[in-house]
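Let me begin by presenting the structure, written as structure tokens, before commenting on it.
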Amino acid sequence: MTWLLGHVDPLDPSFVAAALTITFNPLYWNVVARWEHKTRKLSRAFGSPYLACYFLSITILLLNILRSHCFMQAMMSQPKMESLDTPAARCLGLALLGVGVVLVLSSFFALGFTGTFLGDYFGILKEARVTVFPFSVLDNPMYWGSTANYLGWAVLHASPTGLLLTVLVALTYMVALLYEEPFTAEIYRQKASGARRRS
């Protein structure tokens, strides 16, 4: 990590912007989704949990576009690392992008739109935990697919800045999961206990 930091200017404004968007995005969707679960204010404001979930999804998508833009700007504003600028590294970068795209898209199709965008916090629950591919081979494939995409772009661009920011992406997702997984599990535990009481 020290070696990587020696090739990056963390005070560069584009680096700071990328770091802020990377850390802000999961914080935003976790805070808003938990607030909705507790108060149902978005659902009431939009007259439907589905419309409220769609609204949140639009804001998440826009923030993700901003995050990706800032990530690319940070990479472009700082020098490449010559030792990473090789045909083998470019092949690795393309492979990482391929894996990332497969994980993200297959997660989206397995979860559906509302499942992807925190519908369970809006009371839009699945019948059971999703276990089809890619969830059959990996927990949280959407997050790890996204991380693989960022890593792929960093390697393709031979960017030490991109590599360091990818580490931040992975760490941010790991922290987010510490909050998301127990909370989501509790939502489904309450659903199961409610169903048992009714039967």
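Side notes on the structure shown:
- Contact map, the range 40-68: first residue more than 30 Å from Ala17 (Cα to Cα), second residue open to solvent by 80 Å² or more (accessible area, probe 1.4 Å), Cβ cut-off under 7 Å, separation 6 or more or different chains; pairs are Phe46/Phe55.
- Of all the listed residues (Ser14, Ser77, Ser57, Ser43), the sole one being surrounded by fewer than 17 Cβ atoms within 10 Å (Cβ to Cβ) and of a type outside the set (A, V, I, L, M, F, W, C) is Ser77.
- Any hit, the range 146-157, residues being over 19 Å from the mean Cα position of the chain (by Cα), assigned to a loop (DSSP other than H, G, I, E, B) and either under 30 Å from Asp85 (Cα atoms) or not charged (D, E, K, R) (or both): yes
- The single condition among (1) open to solvent by 20 Å² or more (accessible area, probe 1.4 Å); (2) of a type outside the set (Gly, Ala, Ser); (3) in contact (Cβ under 8 Å) with a residue 40 or more places away in the chain that Val130 does not meet is (3).
- Residues that are open to solvent by less than 30 Å² (accessible area, probe 1.4 Å) and either over 24 Å from Tyr188 (Cα atoms) or among the aliphatic types (A, V, I, L, M) (or both) within the range 17-31 comprise Ala18, Ala19, Thr21, Ile22, Asn25, listed in sequence order.
- All positions within the range 105-123 that are modelled with pLDDT under 95, outside any helix (DSSP H, G or I) and buried (at least 18 other Cβ atoms within 10 Å of the Cβ): Leu118
- Unmet criterion (only one of (1) in contact (Cβ under 8 Å) with a residue 60 or more places away in the chain; (2) surrounded by fewer than 15 Cβ atoms within 10 Å (Cβ to Cβ)) for Glu180: (2)
- Any chance Leu165 is modelled with pLDDT of 95 or more, under 20 Å from Ala19 (Cα atoms) and open to solvent by 60 Å² or more (accessible area, probe 1.4 Å): no
- Scanning the range 134-160 for residues that are modelled with pLDDT of 95 or more and aromatic (Phe, Trp, Tyr) returns Tyr143, Trp144, Tyr150, Trp153.
- Residue in the range 86-94 that is modelled with pLDDT of 95 or more, buried (at least 16 other Cβ atoms within 10 Å of the Cβ) and among the small types (Gly, Ala, Ser) present: yes
Here is a yes/no grid of residues against (1) in a helix (DSSP H, G or I); (2) more than 18 Å from Ala170 (Cβ to Cβ); (3) small (Gly, Ala, Ser):
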residue	(1), (2), (3)
Ile22	yes, no, no
Trp35	yes, yes, no
Ala89	yes, yes, yes
Leu103	yes, no, no
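The values are calculated or read from the model by the stated rules, or taken from the named source; none is laboratory data. Bear in mind that the values here come from a model prediction, so they are computed numbers and not experimental data. Backbone-built Cβ (ideal geometry, glycine too); neighbour counts: all protein chains shown. In case anyone asks, the SASA skips ligands and DNA or RNA and just uses the protein heavy atoms, side chains included. Shrake-Rupley method; radii C 1.70, N 1.55, O 1.52, S 1.80 Å.
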